[in-house]
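These notes concern the structure reproduced below.
Bear in mind that the values in this text are calculations on the coordinates, not laboratory data. For clarity, every value in this text was computed on a predicted model and none was experimentally measured. Because the Cβ atoms are built from the backbone with ideal geometry, glycine has one as well, and the counts that use them run over all protein chains shown.
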Amino acid sequence: MEKQSDSNPPSAAHSIDVLPAAPVEDEENHDNGPPDGGFKAWAVVAGGLINYCATFGLLNSFGTFQTYYQNDLLKGTSPSAISWIGSIQLFLLFIAGLAMGPAFDKFGARRMTVPGMILYVLSLMLTSFCTKYYQIFLSQGILFGIADAMVFYPTISAINMWFDKKRGIALGIVVAGSSIGDIIWPILVHYLLGQVGFPWTLRIVGFICLGMMLISTVLIVERRGNGTQDRHIDKKILKKELLSPIYTMVTAGFTFAYLGMFIPFYYLPQYGMAYGMSSTMGNYLLAILNAGSFFGRIISGFLADKIGGFNMTVATSLLSSIVLLTLLSAKTEASIIAFSAIYGLFSGGLISLQAATVARLTVNINTYGTMIGVQMAVNSIGVLIGNPIAGALVQHEDGGFNGMIIFAGVTLLFGSVLFIVSRITAAPKIKAF
């Protein structure tokens, strides 16, 4: 791992050849770089883990709601139409980066996470009163997605201000919080739906999330001083970063990857039930998948600090696409369970690795929120249309899943090809990148 220059590179193209972004100034306008540890830094990680467990974890568990809506509350509504609720959540989470990334750069974390928390809990409470498709679409789809974005970007951006050499493991731990939520929420929601019904299920989940987010809001703070100099953004450098060919290619790679990557999170329970699994076991598939994601995010974060975040992005996306295509031959309960665990293991780290990859392409850490926000806004195209396309393919095959699996696997594979090309182009002579 080469030594970082003491001064900012003159262009975004040059920034690809250096390691992490330039540090932010502290309260005394003198900074030796991210501390890579200490109580405050790890407290932010703990807050991020709790936050992602409550928010991103619940978002990723929409497959449980998809099955319930399709079989009960919204029976008669097409799978593709129902999947638009979950897709709009992800779409708004991603496209909101256009506003949330720069907002973090300007205002910091807490001014975003507090109103985000209020809107998040409100969306769940409003959903508990819904009985029609359009009502659920507005509350659980649109309002939920906006609120999630308001806490997502401050969390992931703050982590990058506190860590450099340990950035991969720190991000891995935070995003692993989502996996914990991904394991808990499908089981809890499925149980509550059977015990207390839909309205009180949403209210109980809302109260739990409120308690968790109150804790995380206290812990998550950005590493900045109080002066205006700390928030200065060089617009010329930012423009060069955003127009960098490598940044553009990586952005396209994640867009194609996300087009297919999230599909199993929505349709795996239905796939399992189509091959004889009970509804309970079908929902447990999400918990198994997300248990694999938990270990995958920790392991990929650890390895990213050793061999480079960009290298791990290439590896995880390529392996994930291969494993996803093997679902074509998984027809028994044992093979579907095995797929769930292995796919979760390989695909789990991709989101946290995206954050680390963008950090490598960022010259000034003060522009990081904008860089990750703009990229994820472009990625929103993939997350918006991926699941509805999958639902339409299932409906076209009268309940068959082969077309859906091929579509998901090939788009994820194409994304990994773009990562490989951009990685080779960015730093062909650097092994750990």
Contact order normalised by residue count of the chain, Cα under 8 Å, 6+ apart, percent: 29 percent
Pairwise centroid distance, computed over Cα atoms, of the stretch 79-137 with the stretch 319-374, Å: 22 Å
Value of relative contact order over the stretch 315-359, rounded to a whole percent, pairs C-alpha under 8 Å and six or more apart: 49 percent
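Quick one: which of 132/331; 236/306; 40/166; 106/236 span more than 23 angstrom between C-alpha atoms? Numbers along the way, then the final one.
Values: 132/331 35 Å; 236/306 32 Å; 40/166 15 Å; 106/236 17 Å.
Where the Cα-Cα span goes over 23 Å, the pairs concerned are 132/331; 236/306.
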Computed FRET value (nearest 0.05) for residue 43 with residue 396, which takes r as the C-beta separation and R₀ as 51 Å: 0.55
Amide proton proximity set for residue 364, modelled H, under 5 Å, gap of 5+: 22
Potential lengthening between residue 333 and residue 236 on full extension [0.36 nm per residue; Cα-Cα distance subtracted]: 29.4 nm
Which labelled figure in [x] 4, 20, 30, 26, 15, 5, 1; [y] 5, 23, 34, 24, 11, 3, 0; [z] 4, 18, 24, 23, 17, 9, 3, 1, 0, 0 is P(r) over Cα pairs in 10 Å bins from 0, in percent, once derived from the coordinates: [y]
Vicinal HN-Hα couplings computed from phi for the stretch 289-299 (Karplus, 6.51 cos²θ - 1.76 cosθ + 1.60; Hz; Gly/Pro x): 4, 6, 5, x, 4, 4, 5, x, 6, 5, 5
Relative contact order for the stretch 37-223, counting Cα pairs under 8 Å that sit 6 or more residues apart, in percent: 43 percent
